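The values are calculated or read from the model by the stated rules, or taken from the named source; none is laboratory data. Predicted model only: the values in this text are computed from it and were never measured. Cβ sites come from the backbone with ideal geometry, for glycine too, and all protein chains shown count toward neighbours.
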Ligand code: KIV
Ligand code: ZN
């Protein structure tokens, strides 16, 4: 028997906002039918919460929420709403058909938002929080409150606002980095402090929601998890306002690949990640960059000869995850000017050419000349090469 006590991994909830914060970005809008298709793919991932839109934003958004609510029954479904009665009514109406519904109500709490956007004093902001959360009680299964621009809010007022929301009945307190301004060290300290100082009933969830303006959304989300956050808000392919939201596939794979480090677990069916990402890219007409972590075309491809040699011998030499774990067909060795003989021989064998060392040395020379002229050597190029020509492009 082991003398060490094993602790069960902490369950982190995944709140997907692809269809709300993600779709809100310029160039990413979808018709209600497309949103339904993407919602099906997100449901197959087994996310805990799916934010499907902002009902009061437009009739199309309300319609998409209602259509999705009528069909998707795995995750809790959620609509965003400002802290105003009209928005909350619109969310309630759109979510009517959902099995489990969450209201996500928010108000800006930072001095910049209070003064320039809302033109409200702190007491008025607190009143709006209290009235909207209390007023929504009993009309939804769960209520989430977000203090928009929390990161740039005075600490004492942020605590007052969150305490007000939880006292009024909010079950989830979201602390967004609306403008992607924070750092892992700073957000770790913030979550530790908030969790210690806010008096909340057992089961209240502290949630993290990070934008990627400085390229740190995933790192910041992971730091918040380390400090006790129980929910991560994220979007597939990292889509969202400006530089985007925390990328769902990245935060999920970081938590699972480094479970030893984070001691946490999400319920995500990671084998569905690639299909969901691909469908989103096709539905919005925006393909993720080739080198995008986890789901980019290059994420499991190798061109350099040294890497290919290593991967052919044991893929763990250059891979920390398996392509199959995210549902990608398989890792691939891309043949190009950096490739070596091992990979060339392996690819030729799959095409039916079993060649000895002498022929390989000969063919390899022509291969390098051809590869210098091409970005990538395709199977057709290799067939032409073996036929003694290099003319197929
Ligand atoms: O970034 C943000 O602050 C938001 C809130 C509405 C949660 O998206
Ligand atoms: Zn956001």
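Observations, loosely collected:
- Only one of the listed residues (200, 219, 235, 227) is under 18 Å from residue 48 (Cα atoms) and in contact with a helix residue (DSSP H, G or I) (Cβ under 6 Å, 6 or more places away or on another chain). That residue is 235.
- Any hit, segment 234-244, residues being more than 16 Å from ligand 2 (Cβ to nearest atom) and modelled with pLDDT of 95 or more: no
- Looking at 77, 103, just one residue is assigned to a strand (DSSP E or B), closer than 21 Å to residue 57 by Cβ, more than 12 Å from ligand 1 (Cβ to nearest atom) and without any contact (Cβ under 8 Å) to a residue 40 or more places away in the chain, and that residue is 77.
- Elements of type helices (runs of 4 or more DSSP H) in segment 246-338, at least 3 residues being within 17 Å of the chain's Cα centre (by Cα): 248-257, 273-284
- Among the residues making up segment 254-271, those that are within 12 Å of residue 294 (Cα to Cα) and in contact with a helix residue (DSSP H, G or I) (Cβ under 7 Å, 6 or more places away or on another chain) are 254, 270, 271.
- The one condition in (1) within 18 Å of the chain's Cα centre (by Cα); (2) away from ligand 1 (no atom under 16 Å from the Cβ) that residue 185 fails to fulfil: (1)
- Any hit, segment 133-145, residues being within 16 Å of ligand 2 (Cβ to nearest atom), within 23 Å of the chain's Cα centre (by Cα) and outside any helix (DSSP H, G or I): yes
- Taking segment 337-351 as the range and being under 13 Å from residue 377 (Cβ atoms) and buried (at least 17 other Cβ atoms within 10 Å of the Cβ) as the test, the residues that pass are 337, 339, 340, 343, 344, 347, 348.
- Hits in segment 18-50 (condition: closer than 22 Å to residue 265 by Cβ, within 16 Å of ligand 2 (Cβ to nearest atom), in contact with a helix residue (DSSP H, G or I) (Cβ under 9 Å, 6 or more places away or on another chain) and touching a residue at least 40 places away in the same chain (Cβ under 8 Å)): 18
- Among the residues making up segment 352-377, those that are exposed (fewer than 14 other Cβ atoms within 10 Å of the Cβ) and under 21 Å from residue 297 (Cβ atoms) are 375, 376.
- Meets criteria (buried (at least 16 other Cβ atoms within 10 Å of the Cβ), in contact with a strand residue (DSSP E or B) (Cβ under 7 Å, 6 or more places away or on another chain) and farther than 26 Å from residue 217 by Cα) for residue 136: yes
- If you go through segment 204-230 and keep only what is within 12 Å of ligand 1 (Cβ to nearest atom) and either part of a strand (DSSP E or B) or buried (at least 24 other Cβ atoms within 10 Å of the Cβ) (or both), you end up with 207, 208, 209, 210, 211, 217.
- Residue ID - surrounded by the fewest Cβ atoms within 10 Å (Cβ to Cβ), chosen from residues in segment 235-287 that are within 16 Å of ligand 1 (Cβ to nearest atom) and on the phi > 0 side of the Ramachandran plot: 242
- Figure legend. Inter-residue proximity from segment 164-184: first residues touching a residue at least 40 places away in the same chain (Cβ under 8 Å) and within 12 Å of residue 214 (Cα to Cα), second residues away from ligand 1 (no atom under 11 Å from the Cβ) and part of a strand (DSSP E or B), beta-carbon distance below 8 Å, spacing 6+ or different chains. No pairs are indicated.
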